[in-house]
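Working notes for the structure below.
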Amino acid sequence: MIVEGSAGALVPSVKAEAKSSSAAEASPAPDPEASTEILEPSSAAAMVHRGGGGGGVDAADKDLLCPICMQTIKDAFLTACGHSFCYMCIMTHLNNKSDCPSCGQFLTNTQLFPNFLLNKILKKASAHQIARNASPVEHLRQALQQGYDVPVKELDSLLSLLAEKKRKMEQEEAESNMLILLDFLHCLRKQKLEELNEIQTDLQYIKEDLNSVERYRMELYKTRERYSMKFRMFLDDPMASKVRSPSIDKHSSGVFSSARNSPGTISSGNFQNKKLDIKAPANSQGLLRKEGFSGMDPQNVAQSGLSVARKRRINAQFNELQECYLQRRRNLNIHPQKQVERDVSGFQREGYHPGLEDFQSVLSTFTRYRSVLMVSLFLSFISRLRVIAELRHGDLFHSANIVSSIEFDRDDRLFATAGVSRRIKVFEFSSVVNDPADMHCPLVEMSTRSKLSCLSWNKYTKNHIASSDYEGIVTVWDVTTRQSVMEYEEHEKRAWSVDFSCTDPSMLVSGSDDCKVKVWSTRQEASVLNIDMKANICCVKYNPGSSVHVAVGSADHHIHYYDLRNISTPLHVFSGHRKTVSYVKFLSNNELASASTDSTLQLWDVKDNLPLRTFRGHTNEKNFVGLSVNSEYIACGSETNEVFVYHKAISKPAAWHKFSSSDMDDTDDDAGSYFISAVCWKSDSPTMLTANSQGTIKVLVLAA
């Protein structure tokens, strides 16, 4: 109907103009010969001149326009009824209708004839128009090309004038180029001076910090020497040696033998008494002597190896650590109020800048956990994360094994898993770690009506755990009785996330595909609060230090931070992700981490409403791959079937582990499509649980 209307609006407008022009020209039954449009070339050119000079077209000039396209006629053809059209216009019209567009008389292709006279007129008119619009230079060129006689004296004058004009234009162009170059150099100089000032300021920071660190290192060295002297005096005191028990003598003889023996000897009992994770090679003593370690005991060798490993990690992430150091050093100088708050809130080492202390804390935690090490001549890397236990989550009665959520309880003694198998399984962590078998029976198993998407343990009532499922039902379970305590069925679509408040154990929050965030109380059956949003809700999380602040991740690519006392508008809206926000987790009361299907993690300051850092390295474009945080580290999964660990101050991964092909069935054709589906830190320890879409659960640890 729209197409017909638009077509109808075009056709009548053309016909109306054609009929009005034909009515003004001739009688209702015109004679073809009498109505033939014959114009003198001079008069036609004059018409064009008059029309071209103004902004519009007068009535006489309309005779040179095609009644169909309303443009100057091109390749004019004359009809039997005496009207002229563009050849292509009239042919296109006759392919659809057999009449004249101007008068409506019957017309066919055989009744069209070339209008040579009109074509000649139009050609001359076009030439006159071009000549009239030509520049003076073009007129001069045409005159000279046509053989116009110019006296030599006038030519010399003209050439001199042109030469002077050329010099003036070249000078103006040169001045303009110089101004552009000068402006560029001024901008470059300003930028480089700013960079130089910044570098000089950074160098001053580094110089001050070097002096502080050297001074403190000397203090530590002197303190160590004093204690070593006192300890040696204690060992050499005959009265003290009588007091020492035989057992202490036995264990300490190997440790301090290097202090009393000659420098070239090492006690053979040293390595035997050490409790090492991995046995040293039999020829380690010979290798150590060969490499010049004969004057050091094995403990010093191990410490040296640890130092080398930590330096390797620093070198691998040097650029990121440099940026972290400078950022902290600059920020506390720009914002002195933060330094005052720090001085009041915590102990500050004498002579240390607060920014240096902050960075030292980052560097310490970043290099604390390394790759798994072998004790040999040189300590070397084995893997990024060490697997200490493995558990198969498969179910004999369900082929789908995806673990959607995995969570530790309040005391980190138990952990629960849930997923598409419609079961909540609770395991004892110590049994899983200590028992080498990969199949473990859960302590508790609870069946549900629908696939599960999320779990959340109550932070105070140890035996209570909440779940959300694909039918939109939020359930609170009692693990002891294996029964549901409360069921909330207000969500109209799949509920993706649920979370218990850390400060008020009776409150929990959930988010759903129905674009609603609902706050519940275990004391009543109906929701306490309802927040309507414009996009699907994928994740919700209470601030650990508040029972009224909730972070909400949405399909609109934003994180909405609400104060539940005023839900009319969010307290903050964090923008930075390019796709759906799939997880939100709090590292502290002020630090919020978010994950998105744009393959990035973001760290935000919810107090100052600021973005802090973006983390890249994993792959996440369509699946829920899990997110977990502690006070220093962020862990997430990847669609490459890998687990990635980031330090919160460094944008690149600090550690990772891949679920290798050996973890999967050889007959599985979909092994390449597996992804990590859930991760969970064990409080602030270096241990985490991680699961993939095949149902394999691993206990990983950052080796110390």
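Listing for the model above:
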item: Residue pairs meeting the criteria (Cβ under 7 Å; at least 6 apart or on separate chains; first open to solvent by 40 Å² or more (accessible area, probe 1.4 Å), in the stretch 538-550; second small (G, A, S)); result: K541/A551; S547/S501
item: The stretch 212-253, residues that are in a helix (DSSP H, G or I), modelled with pLDDT under 75 and not charged (D, E, K, R); result: P238, M239, A240, S241, V243, P246, S247, I248, H251, S252, S253
item: Filter result (open to solvent by less than 10 Å² (accessible area, probe 1.4 Å) and either in a loop (DSSP other than H, G, I, E, B) or under 13 Å from F366 (Cβ atoms) (or both)) within the stretch 634-653; result: I634, S638, N641, V645, Y646, H647, A649, I650
item: Any chance H558 is open to solvent by 20 Å² or more (accessible area, probe 1.4 Å), without any contact (Cβ under 8 Å) to a residue 24 or more places away in the chain and in contact with a Phe, Trp or Tyr (Cβ under 7 Å, 6 or more places away or on another chain); result: yes
item: Selection count, the stretch 192-214, where residues are within 32 Å of the chain's Cα centre (by Cα) and open to solvent by 90 Å² or more (accessible area, probe 1.4 Å); result: 3
item: L610 at pLDDT 90 or above and within 26 Å of V420 (Cα to Cα); result: no
item: Residues satisfying the stated conditions in the stretch 90-105, i.e. over 18 Å from L64 (Cα atoms) and either among the aliphatic types (A, V, I, L, M) or open to solvent by 60 Å² or more (accessible area, probe 1.4 Å) (or both); result: M91, T92, L94, N95, N96, K97, S98, Q105
item: Within the stretch 96-131, tally of residues that are within 22 Å of T72 (Cα to Cα) and under 60 Å from the mean Cα position of the chain (by Cα); result: 3
item: Residue within the stretch 414-423 that is of a type in the set (A, V, I, L, M), modelled with pLDDT of 95 or more and touching a Cys at 6+ places or on another chain (Cβ under 9 Å) present; result: no
item: Subset of the stretch 484-529 [buried (at least 23 other Cβ atoms within 10 Å of the Cβ), more than 16 Å from K585 (Cα to Cα) and hydrophobic (A, V, I, L, M, F, W, C)]; result: A495, V517, W520
item: Given (1) over 21 Å from D513 (Cβ atoms); (2) β-branched (V, I, T); (3) open to solvent by less than 20 Å² (accessible area, probe 1.4 Å), index of the condition V584 fails; result: (1)
item: Filtered residue count, the stretch 452-468, keeping only those that are at pLDDT 95 or above, over 15 Å from V426 (Cβ atoms) and of a type outside the set (S, T, N, Q); result: 1
item: Single match in T597, T580, T614 (criterion: within 27 Å of N315 (Cα to Cα) and β-branched (V, I, T)); result: T614
item: Strands (runs of 3 or more DSSP E) contained in the stretch 407-503 and holding at least 3 residues hydrophobic (A, V, I, L, M, F, W, C) and on the phi < 0 side of the Ramachandran plot; result: 414-419, 423-428, 452-457, 474-478, 495-500
item: Which listed residue is among the aliphatic types (A, V, I, L, M), within 20 Å of C86 (Cα to Cα) and without any contact (Cβ under 8 Å) to a residue 12 or more places away in the chain, from A127, A174, A163; result: A127
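A quick yes/no check of all residues on (1) out of contact with any helix residue (DSSP H, G or I) (no Cβ under 9 Å at 6 or more places or on another chain); (2) in a loop (DSSP other than H, G, I, E, B); (3) polar (S, T, N, Q):
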| position | (1), (2), (3) |
| --- | --- |
| I68 | no, yes, no |
| K74 | no, yes, no |
| F77 | no, no, no |
| L117 | no, no, no |
| A125 | no, no, no |
| A131 | no, no, no |
| L155 | yes, no, no |
| L159 | yes, no, no |
| K165 | yes, no, no |
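The values are calculated or read from the model by the stated rules, or taken from the named source; none is laboratory data. Note that the structure is predicted; figures quoted are calculated from it, not measured. All Cβ positions, glycine included, derive from the backbone under ideal geometry; neighbour counts span all protein chains shown. Heavy atoms of the whole protein, side chains included, go into the accessibility calculation; ligands, DNA and RNA do not. Shrake-Rupley method; radii C 1.70, N 1.55, O 1.52, S 1.80 Å.
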